[in-house]
1. Which length gain, in nm to one decimal place, applies between Ala212 and Leu275 when the Cα-Cα distance is subtracted from 0.36 nm times their residue separation?
2. Beta carbons within 10 angstrom, averaged per residue: use that to sort the peptides 37-44, 9-16, highest first.
3. For Trp287 and Leu227, calculate 0.36 nm times their separation in residues minus their Cα-Cα distance, and state this gained length in nm to one decimal.
4. Find the centroid of the Cα atoms in region 260-299 and in region 218-244, then give the distance between the two in whole Å.
5. What ranking, highest mean first, results for peptides 29-35, 203-209 when packing means the other Cβ atoms within 10 Å averaged over each residue?
6. So how far apart, in nm, are the two label points at Leu252 and Tyr294 if each is 7 Å from Cα heading toward Cβ?
7. Using Cβ contacts closer than 10 Å as the measure, can you line up Ser266, Ser316 from fewest to most?
8. How would you rank 236-245, 46-55, 278-287, highest first, on the average number of other Cβ atoms within 10 Å across their residues?
Amino acid sequence: MPLMGGLWLSHAFRMPLFFLLAGFLGAAAVGRHGGRAWLRSRGARLGLPLLVGVILLAPLGGMFDAWVDPSGPSTTPSLAGLAHPRPQHLWFLWYLIVISTGWLAARAAIRRIGGRGNRGARLLVSLAGSSWLVVLLALPCALAIWIAGSWEAAPPDSFAAPAGLLAYYAIFFAVGWLLGDRATGLEALAANPWRRLAAALAVSIPGFWLFAHAHDRGIADNPWIRLAALYLSALCCWLLICGLIGAFRRFLAQERPAVRYAADASYWIYLSHMLFLVPLQLLLFGWLPSVAQYAVAVLATFALTLVTYELFVRYSAIGQVLHGRRTRTIHSASRGSRASSLTSVSASSPAGSEPATTPTPA
């Protein structure tokens, strides 16, 4: 149960935070380079990894399905999955492409009819410091999933994205976009981080309890209890997002080479981890207790993805597509003193930022 609770808490905020940052960084990129250039960048850094990932993961997806359902015909990789491609764990790239394109189209339409899109931004910035903002934002998020008839924001393994789920993630994207290039709004949103993190943990207790008992009699068939559970989950999500942004801005505001490296590697780690995780799970199945199997599979997958990133991705054409060009840092010593070298790095991310040249001391 503690492991399940930790997983629930992690899934409650990590993808919504990704979409919020995508909107925030996307607004800044469009403001500097325009919408067309940003969409071309999204096509390369989102569309290309999605296409390659679907082609490579389709055979493994069939193998994993056969492992989950032993009554299937085979547990060996099969190319039959290519006939019916699925996004699998790369669904977020597809959703971000759809939301980004739709957002820019709506933005252009509003401007064409003479509307002013900055009114919403000014209102959001003015409310960002209020504790009531997260209380209000949680309501449309909960309603989007509630109308879809689900207990959680779990996407189906299909390119046909449900409208309710798209609306759910579009809310986070829109909030991030409206805060884009407005440092005061982000600072206000991230105020009182420890208080908000403590509130998130308090809210998570009844929220997870309802989720864990979703199939109990009297709960499973009650739509209002489901709405309450979804609201608590959304409220916990917003509190975690605000608290974590505030904590990171306070303690990780300065450039740190190790943090920059981890941020660069994170996209590759997420894209490729299923290539290692699925075979490892198959190899370890039945040999270790479930908790030990989970720990070994996760740690081994992390190590393998990090090694492959350093050896084959970071300084290659793949890395240039994923996060921009990286130049190897050269260490030199002269007369007993250590000389420093500067490396120009591109601080772009799959969430939506554009390249920025940053000096990194050796």
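Nothing in this text is a laboratory measurement; each read-out follows from the coordinates by a stated rule. Predicted model, so just to flag it, every value in this text is computed and none were measured. All Cβ positions, glycine included, derive from the backbone under ideal geometry; neighbour counts span all protein chains shown.
1. Details: separation 63, 0.36 × 63 = 22.68 nm, distance 2.98 nm.
Length gained, Ala212 through Leu275: 19.7 nm.
2. On the way: 37-44: 16.1, 9-16: 19.0.
Highest-to-lowest ranking by the protection proxy: 9-16, 37-44.
3. Value of the extension gain: 17.5 nm.
4. Comparing the Cα centres of region 260-299 and region 218-244, I get a distance of 29 Å.
5. Numbers: 29-35: 15.9, 203-209: 18.1.
My ranking of the peptides, most packed first, is 203-209, 29-35.
6. 2.3 nm
7. Details: Ser266 16, Ser316 13.
The most exposed by this proxy come first: Ser316, Ser266.
8. On the way: 236-245: 25.0, 46-55: 17.3, 278-287: 14.0.
Packing order, densest peptide first, comes out as 236-245, 46-55, 278-287.
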